[in-house]
Amino acid sequence: MSVEATIEEKLAVFEARVSRGEKVEPGDWMPEDYRKNLIRMISQHAHSEIVGQLPEGKWIPYAPGFRRKLTLVAKVQDEAGHGQLLYRAAETLGKSREEMMDELLNGKAKYANVFNYPTPTWADVGVIGWLVDTAAVVNQTMLSQSSYGPYARAMKRICYEEAFHIKQGYDLVVSLTKGTPEQRTMAQESINRWWYPTLMMSGPPDTLSVHTNLALRWKIKTKSNEQVRQEFVDLIVPQIRALGLEVPDQECRFDEKTGHHHYTQPDWNELKRVVNGDGPCNAERLEVRRRAHEEGRWVREAMEVKGSTARVS
Amino acid sequence: MTDTQWETYEVFHQTRRGDAHIHVGCVHAPDPQMALHLARDQFARRLRCSSIWVVPTRELTASDYQDESFFSQATDKSYRDPKTFGAPDKLDPHAS
């Protein structure tokens, strides 16, 4: 192009490319709002992976038996790895990892609501793997179609690993349902605790969501929050019932007419509160992260020294 | 705040000897050895892996997506495509 294109012309080319299903790569021209939306989404997603290590990580020392312990360690390690992949994807949009880390630690950044709830029993490890990660995979499978190349590619890899997370969680819950009445009760109570927080994960209803329209228009997301949530409910309800467990919602039933499960909407004010910092465990989660960041300072400094020596030589 | 962001290395993963190395992602590292270790932890955690390459991102030279003419061919090159030849796969020796 000999003459510099106007913003409108660039936008038209960009939108045509996206609607053809082409991926956008880091060096490409993109609207500022596309970049901002992606940075917000990907960094929140990364924070969720990092904080997501904590509710289950707490159970590593108490895991019953070596196989469960090794499995749980591997799962938590995966979450850390997913966080790294996602921070890297966000960096390609021009935001530094320090800035993102800083925003997480000073409480400015948001992350998934679900990791701000407590995990009082071992059954919670199973239910998080099974319910929460199924909801996450439904969402992430959708995101693997995202128009932003680095995000879509990270999602493919993450979904591949999440399949193991779901399976180990399901296996754990199955072992509880086959156990003593107390173990069965423990599994049911855990489902009761996690049901609504898990439904909230896919985000507020489309009418309340401020970001959905733009995200769909530019194919950052390819499905709305409601679609993702419905897909999760249709997938998980038969699984819960097949184990002889109950969905803690009297209204939850399959609707022949729509071909979908009807369900009671969660409390959207609760989602707002928890995401904005006022959930049962927000303060505890951030405190643990701050301590971990402080305790890792010497590693960063040692590597910095190594890096500068390497550059000099 | 100290900047702990070292340069990036592109990571290439080979599943078994003889296969092509395939690009799988990127790590930050202070030097190539460290990049190799981090790449192993991040990208060879589960999949079978026989070899990993790390290459400083700054050493890569890439074509420009915007420059579509870079790959356009000046003239018709269809004669290089086996599908454009009309000869039958088998000939009948008795046909005259």
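What is the magnitude of the charge dipole of region A:26-312 about its Cα centre, with +1 placed on the Cβ of each Lys and Arg, -1 on the Cβ of each Asp and Glu, and no other charges, expressed in debye to the nearest 20?
700 debye
If amide hydrogens are placed 1.01 Å from N in the peptide plane, which non-local residues have theirs closer than 5 Å to the one on A:Ile220?
Under 5 Å from the amide H of A:Ile220 lie the amide H atoms of A:Ser147, each far enough along the sequence or on another chain.
Taking region A:167-213, how much of its Cα-Cα pair set, in percent, is spaced more than 13 angstrom apart?
65 percent
Note the angle between two axes, namely the Cα long axis of helix A:149-177 and the longest principal axis of the Cα atoms of chain A, as a number of degrees from 0 to 90, rounded to the nearest 10.
10 degrees
Rg (Å, one decimal) plus Dmax (Å, integer) for the alpha carbons of chain A?
Here Rg and the maximum Cα pair distance are 21.0, 76 Å.
Hey, what did chain A get for relative contact order, percent, Cα under 8 Å, at least 6 apart?
Contact order relative to length: 20 percent.
Give the average over all directions of the projected area of the C-alpha convex hull of region A:137-234, one decimal, in nm².
7.0 nm²
What percent do you get for the relative contact order of region A:158-313 when only Cα pairs under 8 Å and 6+ apart count?
16 percent
What does the structure give for B:22-31 when I average, per residue, the other chain Cβ atoms found within 10 Å of the residue Cβ?
Mean inter-chain Cβ contacts per residue within 10 Å come to 5.
Quick one: what do you get for region B:1-61 if you divide its Cα Rg by 2.2 N^0.38 Å?
Computed over Cα atoms of region B:1-61, the ratio equals 1.15.
Hand me the chymotrypsin sites (Phe, Trp or Tyr not before Pro) from region A:120-221 located in a DSSP loop with no more than 14 other Cβ atoms within 10 Å, in residue order please.
Answer by residue number: there is no such site.
If all Cα-Cα distances of region A:88-174 are sorted into 10 Å bins from 0 onward, what percent lands in each bin, rounded to whole numbers?
16, 34, 37, 13, 0
Pairing the Cα long axis of helix B:32-43 with the longest principal axis of chain B, what angle in degrees results, from 0 to 90 and rounded to the nearest 10?
The two axes meet at around 70 degrees.
If we sort B:77-85, A:83-91, A:227-235 on the protection proxy, mean other Cβ atoms within 10 Å, highest first, what's the order?
A:83-91, A:227-235, B:77-85
Each value in this text was obtained by applying a stated rule to the coordinates, not by laboratory testing. Here the structure is a predicted model, which means the values were calculated and not measured. Backbone-built Cβ (ideal geometry, glycine too); neighbour counts: all protein chains shown.
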